[in-house]
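One structure below.
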Amino acid sequence: MMSQKAVALKVDDIDILGQLYLPGDKSRYPTVCVCHGIPSGNPPDPNDRGYPELAERICHKGFAVLIFNFRGTGASGGDFDILGWTRDLKTIVDYLWALPEVDRSRLALLGFSGGAAVSIYAASQDNRVSCVVACACPAEFTFFNKINEPQSIVDHFRSIGVIRDKKSPHSTQDWLNSFRLVSPIRYVAGIAPRPLLLVHGNQDETVAMNDVYKLYAQAGEPKQITIVDGAGHRLRQNAQAMATVTSWLKSQCQG
């Protein structure tokens, strides 16, 4: 029987909160760490149960699943900062690695959009990650290239509640530069020889289709690309995309 337990970690003295789902039929499980994307500020869909629904679906397939909020989002503390997100994820992997329920040889990252970018960065630096699924992943962060006034980007994220401290960031330029540093195109080759699945919707309104082809070209083997016909940016809400992801994870982690 599936069980859940709350997870509370400290990173840079910031509370990072999450939920661990366990299938409950044996002692060690292949494990999936789910990494959400950058909040858009759009009102939530009242019919969408969010990441818990995805976690339950994957857990029912025999995986331990961890979902959590990066700093600046949800119930976690702190302010949105992409380099900070990489430290959050490293600490999450440390936590999973130490759990007796986790099969250390089968620890996957499943990331969406900005969370996919952070997953690629983290996996390239950490061989404890056994495989990566990157959904709707940008090759590079380019949103700041479209705006002449960098402060307006910070103001946007402040307005949607993910930059909460009035004094944050200390340097707008450093904060923006961190997005360039974490650009997935710079790190995706470092995942090989561990498996990588790239999933993208051909109607993605946020990340151009060309990005997934750039990442695929740069990645080493083994790699796979899946283009979901008719799907937009929110692949978590697309049944075909998530069926593809779950099937791939089973083939990599339960074969």
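Points to keep in mind about this one:
Each row is one residue, and each column tells you yes or no for (1) within 17 Å of Thr31 (Cα to Cα); (2) in contact with a Pro (Cβ under 9 Å, 6 or more places away or on another chain); (3) open to solvent by 10 Å² or more (accessible area, probe 1.4 Å); (4) part of a helix (DSSP H, G or I).
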site	(1), (2), (3), (4)
Ala75	no, no, yes, no
Lys90	yes, no, yes, yes
Leu109	yes, no, no, no
Ala117	no, yes, no, yes
Tyr121	no, yes, yes, yes
Val129	yes, no, no, no
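- Checking segment 197-220 against the condition returns a match, with at least one residue being open to solvent by 40 Å² or more (accessible area, probe 1.4 Å), in a helix (DSSP H, G or I) and aromatic (Phe, Trp, Tyr).
One line per residue, one yes/no per condition, for (1) farther than 26 Å from Pro222 by Cα; (2) surrounded by 20 or more Cβ atoms within 10 Å (Cβ to Cβ); (3) among the hydroxyl-bearing types (Ser, Thr, Tyr):
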| residue | (1), (2), (3) |
| --- | --- |
| Pro52 | yes, no, no |
| Glu56 | yes, no, no |
| Arg71 | yes, yes, no |
| Arg87 | yes, no, no |
| Pro100 | yes, no, no |
| Ser113 | no, yes, yes |
| Gln125 | no, no, no |
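- Which listed residue, of Leu20, Leu96, is crowded, with 17+ Cβ neighbours inside 10 Å, outside any helix (DSSP H, G or I) and in contact (Cβ under 8 Å) with a residue 40 or more places away in the chain: Leu20
- So Leu96, is it touching a helix residue (DSSP H, G or I) at 6+ places or on another chain (Cβ under 8 Å), under 24 Å from Tyr51 (Cα atoms) and aliphatic (A, V, I, L, M): no
- Of the numbered criteria (1) open to solvent by less than 60 Å² (accessible area, probe 1.4 Å); (2) part of a helix (DSSP H, G or I); (3) farther than 25 Å from Arg106 by Cβ, the one Trp248 fails is (3).
- Residue match in segment 223-233 (condition: aliphatic (A, V, I, L, M), in contact (Cβ under 8 Å) with a residue 40 or more places away in the chain and open to solvent by less than 30 Å² (accessible area, probe 1.4 Å)): no
- If you check Ser124, Ser119 for being at pLDDT 95 or above, among the polar types (S, T, N, Q) and out of contact with any strand residue (DSSP E or B) (no Cβ under 7 Å at 6 or more places or on another chain), only one passes: Ser124.
- Filter pass, Arg104 being open to solvent by 10 Å² or more (accessible area, probe 1.4 Å), outside any loop (DSSP other than H, G, I, E, B), touching a helix residue (DSSP H, G or I) at 6+ places or on another chain (Cβ under 8 Å) and not small (Gly, Ala, Ser): yes
- When the residues of segment 141-181 are filtered to those that are open to solvent by less than 30 Å² (accessible area, probe 1.4 Å), part of a helix (DSSP H, G or I) and not hydroxyl-bearing (Ser, Thr, Tyr), the one that is modelled with the lowest pLDDT is Phe144.
- Condition check for Asp79: modelled with pLDDT of 95 or more and either open to solvent by less than 50 Å² (accessible area, probe 1.4 Å) or in contact with a Lys or Arg (Cβ under 9 Å, 6 or more places away or on another chain) (or both): yes
- The set of residues in segment 77-88 being on the phi < 0 side of the Ramachandran plot, in contact with a strand residue (DSSP E or B) (Cβ under 7 Å, 6 or more places away or on another chain) and not in a helix (DSSP H, G or I) consists of Gly77 alone.
- Close contacts from segment 46-58, counting a first residue that is at negative phi and part of a helix (DSSP H, G or I) and a second that is surrounded by 15 or more Cβ atoms within 10 Å (Cβ to Cβ) and at pLDDT below 95, with Cβ to Cβ under 9 Å and a gap of 6+ residues or different chains, come to none at all.
- Residue check: Ser27 meets all listed conditions (1) more than 27 Å from Val154 (Cβ to Cβ); (2) assigned to a loop (DSSP other than H, G, I, E, B); (3) touching a strand residue (DSSP E or B) at 6+ places or on another chain (Cβ under 6 Å) but one, namely (3).
The values are calculated or read from the model by the stated rules, or taken from the named source; none is laboratory data. What you see is a predicted model, and the numbers here were worked out from it, not measured in a lab. Here Cβ is always computed from backbone atoms with ideal geometry, including for glycine, and neighbour counts include all displayed protein chains. These accessible areas exclude ligands, DNA and RNA; they are computed on the full protein's heavy atoms, side chains included. Shrake-Rupley method; radii C 1.70, N 1.55, O 1.52, S 1.80 Å.
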